[in-house]
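The values are calculated or read from the model by the stated rules, or taken from the named source; none is laboratory data. Remember, predicted model here, so these are calculated numbers, not experimental data. Cβ placement follows ideal geometry from the backbone for every residue including glycine, while neighbour counts extend to all protein chains displayed.
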Amino acid sequence: MFNGIIYNQGTITKIIKRPKGLNIFVKSNVKVSNKDMGLSVACDGVCLTLISYKSKIMEFYLSKETIIRSKFKFLKIKDKINLELPLKYGTKISGHICQGHVDTVGKVLSIKKIDKSFLFDFDLLLTTKPDLDFFFIK
């Protein structure tokens with residue numbers, strides 16, 4: 001679980017394409033170690049599992065399903081991504097409780113600034129999962 005408040009970013013340093021997915025390598029100052037293998041990390045809001053760590057570079061595997069349902073299909077070397085470590089029991093929760101599990105993708109149609117807030121208009125690509133329409137406010 002995550003709170004959606006971003007304190008860290010990373011840079012994509014390497015992408016390895018696999019027959020049914022890809023591995024991405026992210027350089028960052030996020031505090032992790034080899035004992036954290038298997039840790040869930042929100043990468044641009046998507047929950048990914050840390051599979052290796054060396055010299056400030058974290059490696060994650062993305063399945064084909066994750067690639068289809070996220071922005072990672074457009075990923076390039078040197079892209080910056082937001083990183084968030086999971087919540088720890090007993091620590092302050094600021095923001096919202098987020099899972100980081102992605103069900104579909106969408107396109108931002110417009111952004112309107114209203115006072116100190118922003119109103120986003122999305123076109124959701126519900127063709128990949130039409131039953132999700134029930135969960136969205138129109």
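Descriptive notes on the structure:
- Test: residue in region 21-41 that is within 27 Å of Leu124 (Cα to Cα) and in contact with a helix residue (DSSP H, G or I) (Cβ under 6 Å, 6 or more places away or on another chain): yes
- Residues (of a type in the set (A, V, I, L, M) and surrounded by 10 or more Cβ atoms within 10 Å (Cβ to Cβ)) located in region 104-115: Val105
- Taken over region 34-50, residues that are closer than 23 Å to Phe74 by Cα and assigned to a loop (DSSP other than H, G, I, E, B) amount to 2.
- Scanning region 67-88 for residues that are farther than 12 Å from Ile12 by Cβ and touching a helix residue (DSSP H, G or I) at 6+ places or on another chain (Cβ under 7 Å) yields Ile67, Lys73.
- Here is the figure for region 28-46: residues that are under 11 Å from the mean Cα position of the chain (by Cα) and within 16 Å of Ile12 (Cα to Cα) total 6.
- Residue check for Tyr53: hydroxyl-bearing (Ser, Thr, Tyr) and part of a strand (DSSP E or B): yes
- Of all residues in region 20-62 being small (Gly, Ala, Ser), surrounded by 14 or more Cβ atoms within 10 Å (Cβ to Cβ) and within 20 Å of Leu87 (Cβ to Cβ), the one that is modelled with the highest pLDDT: Ser28
- Taking each residue of region 87-106 that is more than 13 Å from Ile5 (Cα to Cα) and part of a loop (DSSP other than H, G, I, E, B) and looking for partners that are of a type in the set (Lys, Arg) and at pLDDT below 65 with beta-carbon atoms closer than 9 Å, six or more apart or interchain, yields Asp103/Lys129; Thr104/Lys129.
- Residue identified as part of a loop (DSSP other than H, G, I, E, B) and of a type in the set (D, E, K, R) among Lys27, Lys31: Lys31
- Filter result for Phe118 (without any contact (Cβ under 8 Å) to a residue 60 or more places away in the chain, over 13 Å from the mean Cα position of the chain (by Cα) and surrounded by 13 or more Cβ atoms within 10 Å (Cβ to Cβ)): no
- Among the residues of region 66-89, just one is modelled with pLDDT of 90 or more, of a type in the set (A, V, I, L, M) and loosely packed, with under 15 Cβ neighbours inside 10 Å, namely Ile77.
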